[in-house]
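FYI, it's all coordinate maths here, none of it is from the lab. What you see is a predicted model, and the numbers here were worked out from it, not measured in a lab. Because the Cβ atoms are built from the backbone with ideal geometry, glycine has one as well, and the counts that use them run over all protein chains shown.
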Amino acid sequence: MSQPVITRFAPSPTGHLHIGGARTALFCWALARRAEREGSGGSGGGGGRFVLRIEDTDQARSSEDASRGILEDLAWLGIDWDDGPEFEANGKTLGGDPRGVGPFRQALRLDTYNRFFDQLLDRGLAYAAFDTPEELAAMRETAKSEKRTFRYTKPEKYDAGAARERMQSEPHVLRLAMPTDPIVVHDEILGEITFTQEHFDDFVIRKNDGFPTYHFAVVIDDELMGVTHVVRGQEHLNNTSKHVGLQSLLKHHDGRPFRVPSYAHVPLISNPDGSKMSKRDKDKAARAAAKDARLTASPIAGLSDDALAKWMKDKKAQLDTGPLSALAEHLAVDLPAIEVADFEAAGYLPGVVCNFIALLGWNPGVKDAEGKDLERFDMEYLAERFAFDRAGTSASKFDREKLLAFNADTIQHELDDDAFAALWRTWLERFEPWVLETLGDRFERAARATRPRARTLRDAIEPIRFALIDDDQIVYDDKAVQKGLKKGEPSGLALLERFAPQLSAIEPFEPETIESAVKAFAESQEVGLGKIAAPLRVALTGTSVSPPLGETLGLLGREICIERVARTIGEHTQTSA
RNA sequence: GGCCCCAUCGUCUAGUCAGGUCUAGGACACCAGGUUUUCAUCCUGGGAACAGGGGUUCGAAUCCCCUUGGGGUCACCA
């Protein structure tokens, strides 16, 4: 009889969802979904639930916008939650509170935390501390100079009665009287880890402002929400002893002890150079470009000259997302994709992103039909087989090239024209609506022409850009003109002149008929297809590169083709004469 | 610096838990050929790794120890 599996993802709403956070969420989700599937079939199965909780106990840094952004990012990835803030996505409502364990924003749960603070106070397991931040800093400084690890412990002559008195009127924090026994953590990925006393001290559980600290809120909420499996980044590993310590002390109000959930600490994801992947990388890229451009005045409305100068000088300074992307656009630099929203804007498909990040630390361990390691799979597959017994232990570097290859493969080989067109349309509507407007009823044709060449939904614009510009905006590439029009006998230009009249005769003006007309013409001239293809490409696009001729001409339409060919003949005949 | 975690091609990894089938397999990237009207795709081939040292064993990528290297963490942030 299997136990229920309840996992949770608990981001703090201080910015967009980071790609590392996305992987953690994905693993949590997959673990719960797998249990859900296995539980629903048999009798006595526990099932699975995935809880989303917003950790907004830092009043200064949390924002409503960021919170909504994270929900959007998760929904886009296809990670749906059972319990948590309600969110509409694709006509489906995610979240809600069917089990009555909410609310799921910690700022709304202060009453709950306070009941447990009272409990610990009453049982003498928590105590008030009145040290100022300055005093604490001084103590840390002293410890450092004496080469000791700073650990806060309860003063020996602590007067509980007096403290209770002072609490009424003086600012204070609550600290936990932490037990000193070693704490053993069983981690599903790393195995058994023993933390001895020097790892923990009497840490703060309630801040000066009355809000719980992360450690306290996490333990209370996980218990009350029935969380059975805690999956999080390895940067939290050292915190676990604090959490287990808290769990060993706390009791429900009916006397039941807190459970110790199962822990899994997933290895970190870093940049190729080993540095931490963070929003700072975007600032770094933009700053380098700003310095190259010798920017002295801010070109951005929401950014003052002073703020710009300060940011350019300080390597660690960060700009808000808005001004940062405006600045990047102004400087024409591509910012590295770090957050989930960046990958969406860059034209990656959510299923591919999930597939790729799942592979950073997990693999199915299955061979495909050709005997090669299976590494392409969808959410469904993950939900069926994900478990930590196949999770990796070492940190991985984020290889954008491989992600791009996966994305390209999906667009070019797994999607059909209709599926791609639908995805591309939706993406363009949101990110580049002008493309859709310019294309008008030529959209489907453009989608067919670009799909085999597209690696992302964004770069799908490039192969058909010639159809987005006016005839007089064509920039003729020198090399292409030389090779395509001038060279050879007969020259490309000569062939083009001979072919031009035939454009009005092709009926209907569709890729297939165009293609055969061009082929027939080449045969009639006793030249290879390339001889006429090259000058046509130059005439229509200004370059030597374009989709197959039929699709290129078909996309432009007869009139524009005739116009561009005439224009090319006119210009290049005169200048070369 | 203390403590914790980690260590297979450039990168993600299979193989490690149950030592022999591993002259270490796959993917991405790279290089060379081929198909193709350009681009893209596709096909074929190639180079490329068990961090170092000790031990255990008939036998170690696999188990143990040390060294080295990388990462994390030491807040009234999460």
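As a footprinting exposure proxy, order A:396, A:262 by other Cβ within 10 Å, with the fewest listed first.
A:396, A:262
Suppose every K and R has +1 on its Cβ and every D and E has -1 on its Cβ; what is the size of the dipole of region A:61-170 about the Cα centre, in Debye to the nearest 20?
About 600 debye.
Could you calculate the contour length gain from residue A:68 to residue A:192, that is, 0.36 nm times the residue separation minus the distance between their Cα atoms, to one decimal place in nm?
Stretched out fully, the residue A:68 to residue A:192 stretch lengthens by 40.9 nm.
Hey, with R₀ at 56 Å, roughly what FRET efficiency would residue A:296 and residue A:123 work out to, going by the Cβ-Cβ distance, to 0.05?
That gives a FRET efficiency of 0.35.
Given charges of +1 on the Cβ of Lys and Arg and -1 on the Cβ of Asp and Glu, with all other atoms neutral, how large is the dipole of region A:68-124 about its Cα centre, in debye to the nearest 20?
The calculated dipole for region A:68-124 is roughly 180 debye.
For residue A:504 and residue A:154, calculate 0.36 nm times their separation in residues minus their Cα-Cα distance, and state this gained length in nm to one decimal.
So the chain would gain 116.8 nm between residue A:504 and residue A:154.
Using every alpha carbon pair in chain A, what percent of pairs falls into each 10 Å bin from 0 up to the bin containing the largest distance?
3, 13, 19, 20, 17, 11, 7, 5, 3, 1, 0
Please go through the residue pairs A:291/A:397; A:242/A:279; A:157/A:316; A:154/A:316; A:402/A:519; A:372/A:479 and name each one whose alpha carbons sit more than 32 Å apart in this structure.
Result: A:157/A:316; A:154/A:316; A:402/A:519; A:372/A:479 exceed 32 Å.
Can you tell me which aspartates and glutamates have their Cα less than 16 Å from the Cα of residue A:486? Leave out same-chain residues fewer than eight positions away.
A:477, A:478, A:497, A:571
Could you state, as a whole-number percent, how many of the C-alpha pairs of region A:212-267 are farther apart than 13 Å?
Everything past 13 Å amounts to 59 percent.
From Cα coordinates alone, what are the radius of gyration and Dmax values for region A:498-550 in angstrom?
In order Rg, Dmax, the Cα atoms of region A:498-550 give 10.5, 26 Å.
Cut-off under 17 Å on the C-alpha distance; same-chain residues fewer than 8 positions from residue A:284 excluded. Which aspartates and glutamates are left, in chain and number order?
Candidates past the 8-residue exclusion: A:273, A:292, A:314, A:320, A:329, A:334, A:339, A:342.
So for region A:1-96, taking the charge dipole from beta-carbon charges (+1 Lys/Arg, -1 Asp/Glu), which of A:26, A:69, A:54 sits furthest toward the positive end?
A:26
Which order results if A:28, A:561 are arranged by neighbouring Cβ count within 10 Å, fewest first?
Exposure proxy ranking, most exposed first: A:561, A:28.
Given axes a ≥ b ≥ c from the Cα gyration tensor, I'd like to know whether region A:474-577 is rounded (a/c under 1.5), prolate (a/b larger than b/c) or oblate.
In terms of gyration-tensor shape, prolate.
Set the Förster radius R0 to 30 Å, insert the Cβ-Cβ distance between residue A:477 and residue A:374 as r into 1/(1 + (r/R0)^6), and round the FRET efficiency to 0.05.
Between residue A:477 and residue A:374 the formula returns 0.10.
Go ahead and run the numbers for FRET between residue A:567 and residue A:525, Cβ-Cβ distance against an R0 of 30 Å, rounding to 0.05.
Efficiency at R0 = 30 Å is approximately 0.85.
Looking at chain A only, what percent of DSSP beta bridges run antiparallel? Nearest 5 please.
Looking only at bridges with both residues in chain A, the antiparallel portion is about 55 percent.
Just order A:498-510, A:444-456, A:114-126 by mean Cβ neighbour count inside 10 Å, highest at the front, would you?
With the highest mean Cβ count within 10 Å placed first, the list reads A:444-456, A:114-126, A:498-510.
Starting from the eigenvalues of the Cα gyration tensor, five times each then square-rooted, give me the equivalent ellipsoid semi-axes of region A:1-122, largest first, whole Å.
25, 21, 12
Which value in nm describes the separation of the simple spin-label points at residue A:409 and residue A:284, placed 7 Å from the Cα toward the beta carbon?
Modelled inter-label distance: 2.8 nm.
So how far apart, in nm, are the two label points at residue A:114 and residue A:545 if each is 7 Å from Cα heading toward Cβ?
Between residue A:114 and residue A:545, the label points sit 6.5 nm apart.
Please list 3J(HN,Hα) in residue order for region A:405-414, calculated via the Karplus relation 6.51 cos²θ - 1.76 cosθ + 1.60 where θ = phi - 60°; whole Hz, with x for glycine and proline.
5, 4, 5, 4, 4, 5, 5, 7, 10, 9
What base-10 log of the normalised intensity I(q)/I(0) is obtained for region A:300-403 from the Debye formula, alpha carbons as equal point scatterers, at q = 0.10, 0.16, 0.19 Å⁻¹?
For region A:300-403 at q = 0.10, 0.16, 0.19 Å⁻¹, log10 I(q)/I(0) is -0.47, -0.83, -1.00.
Starting at 0 and stepping by 5 Å, how many percent of the alpha carbon pairs of region A:409-516 end up in each bin?
2, 10, 16, 16, 17, 16, 12, 8, 2, 0
Among A:121, A:488, A:296, whose Cα projects farthest towards the positive end of the dipole of chain A, with charges put on the beta-carbon of Lys, Arg (+1) and Asp, Glu (-1)?
Of the options given, the answer is A:121.
Among A:218-226, A:87-95, what's the highest-first ranking by average C-beta atoms within 10 angstrom per residue?
Most protected by this proxy first, the peptides run A:218-226, A:87-95.
Can you show me the helix-derived [θ] at 222 nm for chain A, built from DSSP H runs with n ≥ 4 at -39,500 (n - 2.57) apiece and divided by the number of residues, rounded to the nearest 500.
-13500 deg cm²/dmol
Run the simple label-point estimate for residue A:180 and residue A:271 please: 7 Å along Cα→C-beta, distance reported in nm.
The answer from the label model is 4.4 nm.
Just want the ordering: A:186, A:243, A:253, A:172, from fewest to most Cβ atoms lying within 10 Å of their own Cβ.
A:253, A:186, A:172, A:243
Please state the charge dipole magnitude for chain A, taken about the Cα centre, from unit charges on C-beta atoms (+1 on K and R, -1 on D and E), reported in debye and rounded to the nearest 20.
1400 debye
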